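Asks: Quick one: the structure is below, questions incoming.
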């Protein structure tokens, strides 16, 4: 039975169950699914059965005169009403749990912007496009947006919450399964909406502790640091080839002459790249007049900035 | 009884020339003008639907880039909602048949009726301009702050277009309420009215009360954009979620503006082709009014994860369940009407049965979405896309098609090719399920809607869905052929080809300019098959 999703093997309608909410949501969904199936069989089956049983035989068929039947009408109003009340209350119960985060939950700040997700831990550790959490630990995400509406959706956790500029929303869950799970943006936010993806990495508590202590860039060269930063934050809008995605492709960009919208030109050097990351609209290139990139001021460290510049130098 | 000389004169040849059409006050001619307009818009919206499905055939870009896709998706939604489904049944079939059903000579305010058509045309022109010249890509929902901060003035123009078209809707609604109250034939009380009239009447009330809210929202948006008054933009101290409340306060009742008249048509079709009295006339009639009333208080079920309070969510979820009850009652009544009937499988009946099939699936998935905890997972995924297409296309469009075939002989005095009409139905019905059923599964698996590109795991079902869209296209092309062929070469239709009992079948086909040769007098209910 595809809704009793215990084994997560292959062809199930629902994604794997990886949080404390998944099983209860799926059980309710299963109840709805089977009551829907039965209702459909009754209505559509009745329709097809009557259609063939009472098919017109002669042009002057006499038909029964049945204007109404009080008992029948009462029953088929009352029974659906009771079922609706049951699923309403059941859905409310789970929804209430979804909105009641435990006080000791591990808090992580989430910021949505066009078109990636940033994650900030209490230790000050920042990550982009992926974040790591310990298994079997209540996690509370406190979420905001830098620009427009986004929505944070983890199908395997069965949680979703809109992210709104100008206020905070939150959601909580306890991951129950190790592995990588998809995060989607489910509120339409423009050009990069469908590439605004992230991964949540669920690891053991020990692995989480050591991850938290480790500097992610330890032992890496500057351009390797840049490559990591690129994979997290630039990839949604920039290719490493010379093909335009939303912004220009990076290959061959370094040292090239950029035509600006005011008619002047500028060579893509360290200062230009730095400015383009921190203040993207200061110099607009021809072909990119709409200037959709948002500032990364305050979101990247000096090490990461230098890393990106060095990485660009390697992309010929 | 009308003489042969009378019969040669009808509303189609009463006056001649394009000018006589553009200035006509005859509700039947205005209905036909709506028919042509809506079919044209449907063609444009349908082409965008096919392009969207073609783009989604594979991962990555096929024919357009992400911005191009977002525009196509906006065009498809805005055209289909504001220019096809909302005016589709009331303004076209309603206009033509409401007075005929009531035994009246015309609607209460014929000039207002003509004006409403021009409102639709002007509003549509503004919308098309905003869509094509200003390249709006906000989706048909115009959610703030994206619609304020990210685009040109296009979004304002598009809402302005919707606003002007809204007036068309309001005026039609006013006309229908007045007509229903004042112009019923002698002997026709409210409970002798056909159920299509009840559907139109409930719709008209929604049109009058809900549509002005869209106008207020427009005013606020325009004030924000031009004068910088912060209603919705957090940068100006506004609240983006407030916009969603305003938007759905109109747009949710609008969903019932689309479906209530469709339910009315189904009541007509089921009785006529089962040749049997409707089961539970009063239950169906009152459930139309009941749905209309409750539909004003359920808009928040679009917003369970929007950041609205939990208390609000609970209330909206509960009230949404209440809407489910009268909807279920109607469905059971239609099936019960077929019991011990004499059922004839002409294409209007096939569409009515297709409606019941698809609407039942759309209905039960609607209940799933009204359950808060489950909606958290399904919200803004393809599950929702599949659900509302099952209700809007499987419901409203099926009813329009069934209605067109049912009343074709009356409107044009000619018969259509029954075989080709059934073939068209087959393609549309099968194609529809092939297109949209896989989308339930995609949504359950977590594929979000409004995605230009998707993960490779979602590709197989997207391909199935795209192939289905081609079947639907073939079906509608055959349908277009049936209509044109029927107009040009159809055999002469008798006055009452289906043996139905409502008043429009008592006059000649096509009806004379003043509808009836002599004033009909009503002595019984509308479905007295005995």
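Asks: Go over the candidates A:90, A:76 one by one and state the one that is over 22 Å from the mean Cα position of the chain (by Cα), touching a residue at least 60 places away in the same chain (Cβ under 8 Å) and either crowded, with 18+ Cβ neighbours inside 10 Å or outside any strand (DSSP E or B) (or both).
Replies: From the options A:90, A:76, the qualifying one is A:90.
Asks: In the list A:139, A:164, A:246, which residue meets the criterion of being at negative phi, in contact (Cβ under 8 Å) with a residue 12 or more places away in the chain, buried (at least 19 other Cβ atoms within 10 Å of the Cβ) and assigned by TED's automatic domain parsing to the domain that holds residue A:285?
Replies: A:246
Asks: Could you grab me the full set of residues in segment A:159-181 that are under 20 Å from residue A:229 (Cα atoms) and at the interface with chain B (Cβ under 7 Å from one of its Cβ atoms)?
Replies: Across segment A:159-181, there are no qualifying residues.
Asks: Shifting gears a bit: Taking residue B:317 as the residue in question, decide whether it is at the interface with chain A (Cβ under 8 Å from one of its Cβ atoms), in a helix (DSSP H, G or I) and either modelled with pLDDT of 95 or more or crowded, with 23+ Cβ neighbours inside 10 Å (or both).
Replies: In short, yes.
Asks: Filter segment B:347-385 for residues that are out of contact with any helix residue (DSSP H, G or I) (no Cβ under 6 Å at 6 or more places or on another chain) and not in a helix (DSSP H, G or I); which is surrounded by the fewest Cβ atoms within 10 Å (Cβ to Cβ)?
Replies: B:380
Asks: When only residues in segment B:209-227 that are in contact (Cβ under 8 Å) with a residue 60 or more places away in the chain and buried (at least 22 other Cβ atoms within 10 Å of the Cβ) count, which is farthest from the chain's Cα centre (by Cα)?
Replies: That would be B:221.
Asks: Does residue A:271 fit the bill of being loosely packed, with under 12 Cβ neighbours inside 10 Å and at pLDDT 90 or above?
Replies: Spelling it out, it is not the case that residue A:271 is loosely packed, with under 12 Cβ neighbours inside 10 Å and at pLDDT 90 or above.
Asks: Tell me, which residue of segment B:238-268 that is away from chain A (no Cβ under 13 Å) and either out of contact with any helix residue (DSSP H, G or I) (no Cβ under 8 Å at 6 or more places or on another chain) or farther than 30 Å from residue B:215 by Cβ (or both) is surrounded by the most Cβ atoms within 10 Å (Cβ to Cβ)?
Replies: B:268
Asks: Then there's this: Which condition does residue A:202 not pass, out of (1) touching a residue at least 40 places away in the same chain (Cβ under 8 Å); (2) within 14 Å of chain B (Cβ to nearest Cβ); (3) under 30 Å from residue B:305 (Cα atoms), if it passes all the others?
Replies: (2)
Asks: Separate question: Whether any residue in segment A:213-229 is over 23 Å from residue A:122 (Cα atoms), within 23 Å of the chain's Cα centre (by Cα) and either crowded, with 16+ Cβ neighbours inside 10 Å or without any contact (Cβ under 8 Å) to a residue 24 or more places away in the chain (or both) is what I want to check.
Replies: No.
Asks: Is it the case that some residue within segment B:39-57 is part of a helix (DSSP H, G or I) and within 14 Å of another protein chain (Cβ to nearest Cβ)?
Replies: Yes, some residue in segment B:39-57 is part of a helix (DSSP H, G or I) and within 14 Å of another protein chain (Cβ to nearest Cβ).
Asks: Additional query: Identify the single condition in (1) more than 9 Å from chain A (Cβ to nearest Cβ); (2) out of contact with any helix residue (DSSP H, G or I) (no Cβ under 6 Å at 6 or more places or on another chain); (3) farther than 19 Å from residue A:84 by Cα that residue B:311 does not satisfy, given that it satisfies every other one.
Replies: Here residue B:311 meets the rest and fails (3).
Asks: Being touching a residue at least 60 places away in the same chain (Cβ under 8 Å), crowded, with 22+ Cβ neighbours inside 10 Å and either within 24 Å of the chain's Cα centre (by Cα) or within 13 Å of another protein chain (Cβ to nearest Cβ) (or both): is that true of residue B:525 here?
Replies: no
Here is a yes/no grid of residues against (1) out of contact with any helix residue (DSSP H, G or I) (no Cβ under 8 Å at 6 or more places or on another chain); (2) closer than 27 Å to residue B:188 by Cα; (3) buried (at least 22 other Cβ atoms within 10 Å of the Cβ):
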{"residue": "B:36", "(1), (2), (3)": "yes, no, no"}
{"residue": "B:44", "(1), (2), (3)": "no, no, no"}
{"residue": "B:49", "(1), (2), (3)": "no, no, yes"}
{"residue": "B:64", "(1), (2), (3)": "no, no, no"}
{"residue": "B:96", "(1), (2), (3)": "no, yes, yes"}
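Asks: Kindly indicate whether residue B:361 is facing chain A (nearest Cβ under 7 Å) and at pLDDT below 95.
Replies: Taking the combined requirement at face value, the residue does not satisfy it.
Asks: Could you check residue A:84 against (1) in contact (Cβ under 8 Å) with a residue 40 or more places away in the chain; (2) crowded, with 18+ Cβ neighbours inside 10 Å; (3) part of a helix (DSSP H, G or I) and say which number it fails?
Replies: For residue A:84, the exception is condition (1).
The values are calculated or read from the model by the stated rules, or taken from the named source; none is laboratory data. These figures come from a predicted structure and were not determined experimentally. Note that each Cβ is placed from the backbone with ideal geometry, even for glycine, and that neighbours are counted across all protein chains shown.
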